[in-house]
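Take a look at the structure below.
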Ligand code: NAP
């Protein structure tokens, strides 16, 4: 076991980076696996984070960068690789990468977050990057002075609509129900913003355009009325899905694919822990992801001390 890491952390968003900080301070021999060096996870795509205590109105990218610098400063070892699968071996786990390489560790913390859900309608795939976007912060500037639509009714859709309304001439917010899911304060702001028009009870059936998006085919689910809405772009913000196939054989997941785990990060598999948006939980926020990372390392330490 001596060559093995104590801990492999998979993912470098707020949960993974907080786990890395706690693991370094606990003197655990740790490696963090990340898909790309732009650490930060989903917050990189968040224009403003205004509910992380002590750092009001921080840009998501800056917050992600600060967390990464913090983990770096403590000497964290990072490896850029895409994980293909995690296998259980004697006394621990083997994390196998797509290039065939692998690392072995006594414990694992999975902190891979969740990815954007697609609408799955005609035109979406073809016009991706040509007016179809999943990240208002990344692509919003291309639509300055133009007309865009945002699809969804959760926090992200509301935040995206508010962000886009600052630079776009007009923002349509298309929601499939007649009440929003997102935070009340965001709802108030959206409804008070003059250039945002909410299209309630409406679904997007097709995205049209030759080389770039030109219109959306919409349908009111109550009246069954259809309309062609002229827009220059559409931002799809209908939630996230965890990518957990790589560990499907070794740990229990719920029906949506989230790893079943409690606030200590403990899962159905001893030694395999989970932190952040990828686990079953009520509130997926930066602050709860960071707190998960800390708790999971505490659980790792306890687990390792019980193995001796
Ligand atoms: P979400 O809360 O799951 O909301 C997804 C929205 O998309 C819902 O309104 C849902 O409609 C709609 N939707 C889902 N599938 C759809 C489909 N096929 N067609 C049309 N509409 C569809 O997702 P999210 O907004 O991405 O947020 C993810 C998590 O991050 C949430 O827990 C959120 O609270 C958190 N978050 C927090 C902050 C913050 O605190 N600052 C910022 C961003 C995100 P229904 O309402 O009808 O289900």
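Read-outs: derived from the displayed coordinates by stated rules, not from any lab. Quick caveat: nothing in here was measured; it's all calculated off a predicted structure. Glycine also receives a Cβ, built like all others from the backbone with ideal geometry; neighbour counts cover every protein chain displayed.
Quick notes
- Segment 245-308 shape via C-alpha gyration tensor axes, a/c threshold 1.5: oblate
- Computed from Cα positions, the angle between helix 155-165 and the longest principal axis of the chain comes to roughly 50 degrees.
- Segments 282-294, 265-277 sorted - mean Cβ within 10 Å per residue, highest first: 265-277, 282-294
- Helix 286-307 and the longest principal axis of the Cα set of the chain meet at an angle near 20°.
- As a rough footprinting exposure proxy, the listed residues 52, 5 were ranked by other beta carbons within 10 Å of their own, and the order from fewest upward is 52, 5.
- Among 185, 260, a tally of other beta-carbon atoms within 10 Å of each Cβ gives an order, fewest to most, of 185, 260.
- The order of the peptides 128-135, 161-168, 78-85 by mean Cβ neighbours within 10 Å, most packed first, is 161-168, 128-135, 78-85.
- Between 0 and 90°, nearest 10: helix 60-73 axis offset from the chain longest Cα axis: 10 degrees
- Cα gyration tensor shape for the chain, rounded if a/c is under 1.5, else prolate or oblate: prolate
- Neighbour-count ranking [beta-carbon atoms within 10 angstrom, fewest first] of 304, 158: 304, 158
- The chain - percent relative contact order, Cα under 8 Å, separation 6 or more: 20 percent
- Tensor-based shape of segment 178-241 (alpha-carbon gyration tensor, a/c under 1.5 rounded, otherwise prolate or oblate): prolate
- Theoretical FRET efficiency, 1/(1+(r/R0)^6), r = Cβ-Cβ of residue 188 and residue 283, R0 22 Å, to 0.05: 0.65
- Fraction of beta bridges assigned by DSSP in the chain that are antiparallel (%, nearest 5): 45 percent
- Cβ-Cβ FRET estimate between residue 138 and residue 91, R0 fixed at 41 Å, reported to 0.05: 0.45
- Relative contact order (percent, whole number), segment 74-159, Cα cutoff 8 Å, 6+ residue spacing: 13 percent
- Considering only segment 12-159, percent of DSSP beta bridges that pair antiparallel, nearest 5: 70 percent
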